[in-house]
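The values are calculated or read from the model by the stated rules, or taken from the named source; none is laboratory data. Source: prediction; values computed, not measured. Neighbour counts are summed over all protein chains in view; Cβ atoms, including those assigned to glycine, are modelled from backbone coordinates with ideal geometry. We work out accessible area using only protein heavy atoms, side chains counted, and drop any ligands, DNA or RNA first. Shrake-Rupley method; radii C 1.70, N 1.55, O 1.52, S 1.80 Å.
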Amino acid sequence: MRHVLRQVLRTPFPRRKGWRAIAALAAVLAAAPLAAQAPACTPGRTALVLSGGGAKGLAHLGVIAALDSLGIRPDYVVGTSMGAIVGALYAGGATAGDTDSLARRFGPTSLFESTETAGPLAWGAFSPLLMWAAGPSGFALQSLSVDEASANALLSALLLRPNLLAAGDFDRLPIPFRAVATDLVTRDTVVLASGDLAQAVRASMSIPLVFPPEQVDGRLLVDGGLSANVPVGVARGLPGVTRVIVSDVSSPLLTASELEAGPLAVADQLAGFLFAQPADSLGPDDVSIRVDLKAFKNLDFAPATMDSIQRRGRATADSVLASATCLFREAPPSGVLPRQVAGFTLRGGAPTDAPLLEQFLGTSPGVALDLPVLADRVRAVAQLGAYTALWLHPVEAANGAVKFQAVVHPAPSKLAGATVAYDRDLGGRVGLMYLDRRLFHQPLEGSATLGFGTLTNDLALGLRRYFGVGQTWIAPTLTVHLENQAINLYAPDGGDLGRTDTRQGVLFGGVEQGVGGWMLAAGFDGRLWNGGDTATTGTGSDPDGSSAGVRVAARRPRGAWRVDGEMVWSSTFQRVGLATSLAVGLGEWRVVPAVRLGWGAYLPLQDLFPLGGTQGFPGLSTEELRGDREVYLGLGISHPIAGTARWEVLAAAGRSADGGALFAATDWLGGVRAGVAIGTPIGDIQVAYGITTTSIDNVFVRIGRWF
């Protein structure tokens with residue numbers, strides 16, 4: 001009827017009144033018999049259904065943008081996996097633009113990315129390829145495809161605003177929301193409508209073998225895609241829902257011809273079986289927006305790919321919605337956020353965890369609520385290393401306040417790890433690691449790393465006690481590092497001069513502090529060393545010596561921007577070093593500028609600065625040039641080739657010298673290295689050829705991340 005009336009109103013009538021106007025109206029009605037016979041839209045509510053699909057789920061942002069442009073607001077949002085992430089943000093009142101901005105600020109796509117593995121901060125450069133955690137039945141192998149603590153903290157920060165609006169009941173959101181998960185024991189579909197919103201979404205996106213199952217109300221929950229990847233049935237079961245708008249980014253199973261591609265295609269098909277269910281039937285009032293994303297991969301989060309996926313979602317939605325008739329326009333929803341904190345309680349941790357986290361988060365009773373600040377602090381909880389998850393569970397309190405009934409999942413009390421790497425010039429190296437967070441059944445952290453290989457054998461032991469101080473942590477620390485290192489010596493033209501053996505013991509006692517991703521340290525530094533030929537080093541240092549002084553360090557060991565700065569100062573030993581790099585993504589390109597500066601006096605051979613660090617200098621053997629002065633500028637560029645393969649280019653300039661000014665005009669060297677790298681389960685395999693401005697060349701070969 002609305003369609004017929006629209007035609008009537010758009011038809012030009014003659015200016016003369018009377019029977020001619022009536023005749024014109026009758027003619028219009030007679031000209032649209034099909035429209036008059038079309039059934040009226042069924043009264044009731046509309047649910048927006050967002051399917052799972054990894055990176056492909058970002059097409060939902062394009063669909064929401066199309067709905068926003070038409071002023072269409074559903075009465076419910078139901079999401080699975082990535083659809084639950086996008087859906088929770090949208091149900092919380094965010095527009096497509098808001099959601100996209102949050103996605104770029106917090107980087108939720110990194111939840112699904114395979115990143116370089118990182119163990120506890122106490123293990124330093126030892127990055128585990130395998131890691132075991134202590135549980136009720138002993139040590140069990142852990143998944144290293146994601147950093148669980150960082151992923152959970154990021155998700156809680158990303159969804160902080162809608163979590164506060166829901167206050168434990170997802171029907172309180174501007175648009176009522178449901179997250180869909182799967183019971184790991186029974187494979188039943190589980191619909192989550194209350195509790196902590198971030199935890200519910202985390203359960204919905206718990207991809208097996210990537211994320212551990214999430215326990216909610218006594219049930220072990222995994223990815224909702226295993227039981228309802230396109231949860232139309234869930235949406236139809238909601239009160240009053242008579243129509244659905246379905247945004248489906250799931251991929252069809254491979255055809256027989258596509259399966260002939262080989263074992264990887266077969267494996268992809270078997271994985272697809274897990275997330276495939278019979279399609280729900282759709283009625284005449286329903287809208288199906290199926291975005292063709294077969295050309296994209298579920299875990300391809302390259303910026304250019306993400307933009308393409310969103311554009312496809314918008315284009316498909318615009319096309320489908322243009323012919324849809326039973327859609328209702330609603331006013332944009334709103335919600336009222338709490339203004340201050342009424343209280344903070346904690347379940348699941350040690351008695352000392354509640355005051356530590358209350359101070360760290362700044363959630364003491366009476367404190368004014370500042371969302372951006374709280375979001376940053378929630379995300380920083382992962383840096384403590386003591387928890388795998390913190391779910392805030394906000395509930396409404398009197399006078400516009402909020403009370404946090406938080407739940408914490410302590411990290412495993414004991415961890416063990418193993419790693420391996422190979423370098424053409426430095427040989428092979430194996431690392432074993434151990435961590436005990438409850439040493440002697442006390443809140444003491446004990447750590448140990450053991451490395452042995454062709455050139456270097458070392459043992460490091462550490463003891464720490466963590467305390468919460470404001471929005472940070474502080475730890476009295478005692479570490480011992482023992483090292484036996486054989487150092488390759490080279491002639492000026494790159495010729496091999498053999499090896500010399502060195503030994504060193506280093507004791508540090510002081511304080512470490514974590515602040516916003518930084519690791520700060522200050523305290524006593526004592527050293528004993530022997531080995532190395534004074535004539536060879538040219539530094540005037542004694543091959544056998546000792547020192548006692550102070551050490552100050554500032555490190556940012558993780559993230560796109562990394563920093564490693566340290567100063568050791570005593571009457572017999574002075575060393576100041578700084579290394580920093582910044583990884584920048586430009587579409588599919590990755591650009592990494594790097595800087596290294598080093599200055600020292602009376603340094604033994606093992607403490608000299610190798611030009612370029614463990615990454616080496618293009619054209620030279622790894623750690624070929626050593627001096628007590630180092631200046632290094634590097635620019636690395638990489639681009640994908642196919643699969644996990646990429647090509648890499650490193651251009652560098654620098655100088656290594658003994659004595660004199662740091663930025664003297666002599667001893668400068670340039671070089672370029674180019675090759676390929678392939679990502680594997682044991683780390684990158686890198687093969688490259690490099691040459692210097694003095695025509696010295698070298699082939700660089702490395703497997704794994706050096707430590």
Long-range amide H contacts for VAL420: which residues qualify at under 5 Å (H placed 1.01 Å from N, peptide plane, sequence gap of 5 or more or a different chain)? LEU129, GLY431
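How long are the three semi-axes of the equivalent ellipsoid for region 466-624, computed from the Cα gyration tensor as the root of 5 times each eigenvalue, in whole Å, largest first?
Working: eigenvalues 173, 124, 25 Å².
Gyration-tensor ellipsoid for region 466-624: 29, 25, 11 Å.
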Suppose R0 equals 51 Å; then what is the FRET efficiency for PHE524 and ASP171 from their Cβ-Cβ distance, rounded to the nearest 0.05? 0.30
For a quick check of understanding: with a 1.4 angstrom probe and all protein chains in place, what accessible area in square angstrom does ARG465 have, to the nearest ten? 70 Å²
Can you tally the net charge around LEU220? Count Lys and Arg as +1, Asp and Glu as -1, for every other residue whose Cβ sits under 9 Å from the Cβ of LEU220. -1
Can you list the GluC sites (Glu not before Pro) in region 588-682 that are in a DSSP coil and have 15 or fewer other beta carbons within 10 angstrom? GLU588
Could you work out, for region 530-648, what percent of all Cα-Cα pairs fall into each 5 Å distance bin, beginning at 0 Å and stopping at the bin that holds the largest distance? 2, 10, 17, 18, 18, 13, 8, 6, 4, 3, 1
Which order do MET519, MET82 take when ranked by solvent-accessible area (1.4 Å probe, heavy atoms of all protein chains), largest first? MET519, MET82
Please list, ordered by chain and number, the residues whose modelled amide H lies under 5 Å from the amide H of GLU512; skip anything fewer than 5 residues away on the same chain. ALA475, THR477
Restrict the search to region 423-506; then list the chymotrypsin sites (Phe, Trp or Tyr not before Pro) that DSSP places in a loop and that have at most 15 other Cβ atoms within 10 Å of their Cβ. none
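Report the full-extension gain for the segment PHE440 to LEU461: residue separation times 0.36 nm, less the Cα-Cα distance, to one decimal in nm. Please report the intermediate quantities before stating the final value.
Values: separation 21, 0.36 × 21 = 7.56 nm, distance 1.55 nm.
Taking 0.36 nm per residue and subtracting the Cα distance, the gain is 6.0 nm.
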Expected unfolding gain across TRP569-THR242 under the 0.36 nm per residue rule, minus the alpha-carbon gap, is 110.3 nm
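What ranking do 668-677, 509-518 get when scored by the average of other Cβ atoms within 10 Å per residue, highest first? Intermediate values should be presented prior to the final figure.
On the way: 668-677: 18.3, 509-518: 16.2.
The densest-packed peptide leads the list: 668-677, 509-518.
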How far apart, in nm, are two points set 7 Å out from the Cα along the Cα-to-Cβ line at ALA645 and at ARG424? 1.8 nm
Extension gain from SER281 to LEU337, taking 0.36 nm per residue of separation minus the Cα-Cα distance: 16.3 nm
